[in-house]
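J.: Please see the structure below; I have some questions.
FYI, it's all coordinate maths here, none of it is from the lab. As the structure is a prediction and not an experimental result, all values here were calculated from the model. FYI the Cβ positions are ideal-geometry reconstructions off the backbone, even for glycines, and counts take in every protein chain you see.
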Amino acid sequence: MEREKFLTVYRHSLAHVLAKAVIEIFGRENVQYAIGPQIADGFYYDFLLPRSINKDDYTAIEDKMREILKRKEDWTVKEISRADALELFKDQKFKTELIEDLPEDEILTVYYTGDDFVDLCIGPHIENSVELLSTAFKVRAASTAYWRGDENRDLLQRIYCYAFPSKDELKAHLKLIEEAMARDHKVIGPQLGLFMFDPSAPGMPFWLPRGWTLFNTLLKFWREVHERHGYREISGPVISDKSLWETSGHWGHYKHNMFLVPPVAEDENGNMSIAEDGKFYAMKPMNCPNAILVYKHELHSYRDLPLRYSQTDVIHRREKSGELNGLFRVQMFRQDDDHTFLTEEMVADEIADILDIATELYGTFGLTYTAELSTRPDDFMGDIQIWDKAEEDLTAILDKHYGIGNYEINEGDGAFYGPKIDLAMKDALGREWQMGTVQLDFQLPLNFELKYTAQDGSQRTPVMVHRALFGSMERFIGIIIENFKGAFPFWLSPVQVGIVPIRTENNEYAQYVEEMLKENGIRTEADYTDRNMKEKIKYFKNYKTPYTIVLGNNEAEERTVSINLRGSNKQVRNVPLDKFIAMCVAMTKERTLDLMDDPEAVE
């Protein structure tokens, strides 16, 4: 059996064993069991229980599961009618609801684990529990989840378990999880003074001074790359009349994810209500209508194209509170958008150039990426023939750029206005992140009646390319916090050099060093207090400052610095100040990933 298929079968089977264990621990009359699918690293099962599960229960659950497996029970599958299924599960309300949703003539399958546990399931499953004895599993966590994701329904307890074919594989995965937790941006970010959240604005990050410096350094890099490729940056309103979103199609396809701003009326008692005759506004979830209005502001000919309008304005998208996750899933963020207007003949070259930009952006961080083509969704907008043509064009571009078969095809996951190319990156832990997207759009230019004058004098409709490469800037920063574990490359670090005068009489030279570094564009922070030198060094170490330079009498006399390197006990002594500055400037200019420790190597 193929490994993935094996994992699917045995993880799903272990979910049944978990359900049986929980029933035996709490008593059949006290347990309502819902659903229990396999997931990427194991499985979970949802229950309605008489009390909350806590960490003290984990070992008891694991022991009971192992006890059940040692019974070496047979697994039996049976086909039954809908009516018989309702009778069989008459005491289980969640199973009953699932069955009642099925047609009356539906034939269902149930799986027995031994004689005393049965579950509604399409399978497949193992034949005997002995097949699972060599597997390794561990209760990971217990959380809550609403039945069918509806916050008005029962709040269930979800028990998660890791599961792997062997103890060694489980051990390796637990080590990976431990490392991921040590890299958690939600912990590292606040520790490094990068960002914070407040309950008054859920899912909307506050950038602190160090974090905002990092953000703007990243944005400066992004702008430099795009200026070289002929992009022009624009900005537009955050709130627009709903008629704009109706024309774009977002009102019909995306309204549930938009923050709406209804017209408000106030009565004589100060009570507020929605006015019936006022204008309805919405906060923008995307930048594309802004770029379209900028395009329409002037007349254009074929000579003007391609027109590339980049934009990093704030956008807002409503998310369920349970889905918010640090910088990874927020409700307010900045997206490195671009909307390019061009002719059909320009599409191939333009997208090839976009993929080159992606390679440069991701490569600067040591990140690799793969491409995926997403095709027409069920709720697509526009002419199906135009869709077919767009998908053919993107396929040809990907075939040429990556080679036939060297990218994935994701059927039915395109945007409602056009197919797209999605770019996924891998980080230091091998985790894959969905990042950039390149979307070909023949629809919105038609909706907004965009035109350009062709070479023959006729009026034609341009093609529009939606494109973001970092995607959410906030999310990308969260990813690189974890990728670098907060120890950013020198060029990106909020503070690049920490300055530690040994004694207060060394402050004068330290001030001179700070001034020289800043004149050369190096971000510095100095501690001129009378604190102990070791305390000062520890402060910069805790903030993962790349270089901490220590300045005493000898350094002041010889116009040198002594350098402590981040992540190392190594100290480079008596480095001429001009050599140190040249090394810092070189690393900033070249955007190197590793810290240099030999100033003499700089040309």
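J.: Could you check the spin-label model distance between THR368 and ASP356? Points 7 Å from the Cα along Cα→Cβ, value in nm.
T.: Using points 7 Å along Cα→Cβ, the separation is 2.3 nm.
J.: Quick check on the stretch 210-347: take the gyration tensor over C-alpha atoms, sort the square-rooted eigenvalues as a ≥ b ≥ c, and tell me if it's rounded (a/c under 1.5), prolate or oblate.
T.: oblate
J.: Let me ask something additional. Once you have the Cα-Cα distance between THR504 and GLU87, take 0.36 nm times their residue separation minus that, and quote the gain in nm to one decimal.
T.: Full extension of this stretch gives 141.7 nm more.
J.: For LEU260, project a label point 7 Å along Cα to C-beta. Then give me every residue of the stretch 210-242 with its amide nitrogen under 20 Å of that point.
T.: 238-242
J.: Scan the chain and note any complete DSSP helix (H) whose C-alpha atoms cover at least 15 Å along its axis and whose Kyte-Doolittle average is 0.5 or more.
T.: 347-364, 473-484, 577-590
J.: Let me ask another. Kirkwood-based Rg over Rh for the chain (C-alpha set), two decimals?
T.: 1.03
J.: Another question, if that's okay. Quick check on packing: order 458-467, 280-289, 376-385 by the mean number of other C-beta atoms within 10 Å, highest mean leading.
T.: 280-289, 458-467, 376-385
J.: Arranged from highest to lowest average of other beta-carbon atoms within 10 Å per residue, in what order do the peptides 331-343, 119-131, 193-205, 47-59 appear?
T.: 331-343, 119-131, 193-205, 47-59
J.: Between GLU151 and TYR302, what's the calculated FRET efficiency when r is the beta-carbon distance and R0 is 41 Å? Round to 0.05.
T.: E between GLU151 and TYR302, to the nearest 0.05, is 0.20.
J.: Additional query: Quick one: which of 443-449, 401-407 comes out on top by average Cβ neighbours within 10 Å, and what's the full order, highest first?
T.: Ranked by mean Cβ neighbours within 10 Å, highest first: 443-449, 401-407.
J.: Here's another thing I want to ask about it. Taking the Cα centroid of the stretch 276-354 and of the stretch 481-528, what is the distance between the two, rounded to the nearest whole Å?
T.: Going from one Cα centre to the other spans 38 Å.
J.: Now, a different point. Which listed residue (SER374, ALA172, ILE35) has the Cα farthest towards the positive end of the charge dipole for the chain, taking +1 on Lys and Arg C-beta and -1 on Asp and Glu C-beta about the Cα centre?
T.: About the Cα centre, the residue reaching furthest to the positive side is ALA172.
J.: Work out the FRET efficiency for THR453 and ALA487 from their Cβ-Cβ distance, taking R0 = 30 Å, and round it to the nearest 0.05.
T.: FRET efficiency, THR453 to ALA487: 0.05.
J.: Would you mind telling me the antiparallel percentage of the DSSP bridges in the chain, rounded to 5?
T.: 85
J.: If you project the alpha carbons of the stretch 37-157 onto the principal axes, what extent comes out on each, in Å, largest first?
T.: So the three principal-axis extents are 42, 37, 27 Å.
J.: What's the extension gain from HIS229 to ASP101 if we count 0.36 nm per residue and subtract their Cα-Cα distance?
T.: Stretched out fully, the HIS229 to ASP101 stretch lengthens by 40.6 nm.
J.: Could you work out how much longer the chain between LEU293 and GLU557 gets when fully extended? Use 0.36 nm per residue separation minus the Cα distance between them, nm to one decimal.
T.: 88.8 nm is the gain from fully extending LEU293 to GLU557.
J.: Only bridges with both residues in the stretch 497-601 count here: give the DSSP antiparallel percent, nearest 5.
T.: Roughly 50 percent of the beta bridges in the stretch 497-601 run antiparallel, per DSSP.
J.: Continuing with this model, one more query. Calculate the FRET efficiency for LYS171 and MET516 from the Cβ-Cβ distance with a Förster distance of 45 Å, rounded to the nearest 0.05.
T.: Using R0 = 45 Å, I get an efficiency of 0.30.
J.: Using a 10 Å cut-off around each Cβ, can you sort VAL238, VAL22 from fewest to most neighbouring Cβ atoms?
T.: Ranking VAL238, VAL22 by Cβ neighbours within 10 Å, fewest first, gives VAL238, VAL22.
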